[in-house]
Every structure is written in structure tokens, then in C-alpha cells.
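The structure appears below as C-alpha cells.
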Amino acid sequence: MDLTGTIIQVMPAQSGTSSRTGNPWMSQEYVMEVPAQYPKRMVFRIFGEDRIRQFNIQQGEQQVTIQFDIDAHEYNGRWFNEVRCYNVLRSVGQQPYGGQPSQPSNISHQPSAPFPPQTNAQGQPVQQDNGTDDLPF
């Protein structure tokens, strides 16, 4: 899923050591406001020190698009949603942070005529008579 908005708050990073593996971990939460008639706010999390540094999200950034997954977990009989961001795109060309620019396509972006010229049965262009109207009404 994708969502575009403004980063209105950067929460302090949280870190620790996994009790299961003994490896260190880091995560950080951000608050995004999505513009609309009634703006909505969403908290999302980035997990992993490398991604936090790669995305380098700053408060007040305009038009940041995040790509995320939503998951729910249960704790003491209550359910909680978690929004996990896995990619950040900036409005300038919407390039992923830390990624390489995309390769230019071979598609020509030159405008074309709305309709091809009219041809007869032999494939020759038909001469248009600008003075007559061929409409039946």
C-alpha cells in the first residue's frame, strides 16, 4: 500500500537486544499527515538501523510517499495494528531513497495525431475537400 503526505513528527528511535537471538535491533516511528478536506494522521514504523539511516526521514518534509504493510497482533486479549514502512519515495521523481535512478524507457513521449490520415482501398491518402460538409444532417 502507498500513502503520500507530510511528516509532522519524528519520534525518538528505540533500540534493544533480541532476547531470542541476542542481536541488536532499532526501530523508529513517524507521524504523517495526509492532506484532504479533513486531514488524517497515521503513525508508521521503520524497523532496522540501516533502513532508518537510508530513508533519513525529517520532520516537515513535504510530499513523502511511504510504501507499507499493515499487520495486527494480539496482546492480553486486545488487538493492535502496526503499520510497517518498507520503502520511502520523495516527490522529486518519486525515486526510492538510497536506490539508483530508474533506467529511461525507450518509449517516445512525442504527441501523435489523434487519428491516422484517411486512405482509400489502395492505401493512398484521400484528399479532403475543406468546402463541403459530408454530414447527413
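The values are calculated or read from the model by the stated rules, or taken from the named source; none is laboratory data. Only a predicted model underlies this, so the values are computations on that prediction, with no experimental measurement involved. Heads up, the Cβs are rebuilt from the backbone with ideal geometry, glycines too, and the neighbour counts pull from every protein chain shown.
Key figures
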{"quantity": "Some residue of segment 79-92 being surrounded by 13 or more Cβ atoms within 10 Å (Cβ to Cβ), part of a loop (DSSP other than H, G, I, E, B) and either in contact with a Phe, Trp or Tyr (Cβ under 8 Å, 6 or more places away or on another chain) or at pLDDT below 95 (or both)", "calculated": "no"}
{"quantity": "Residue in segment 35-44 that is touching a residue at least 24 places away in the same chain (Cβ under 8 Å), more than 14 Å from Ser91 (Cβ to Cβ) and polar (S, T, N, Q) present", "calculated": "no"}
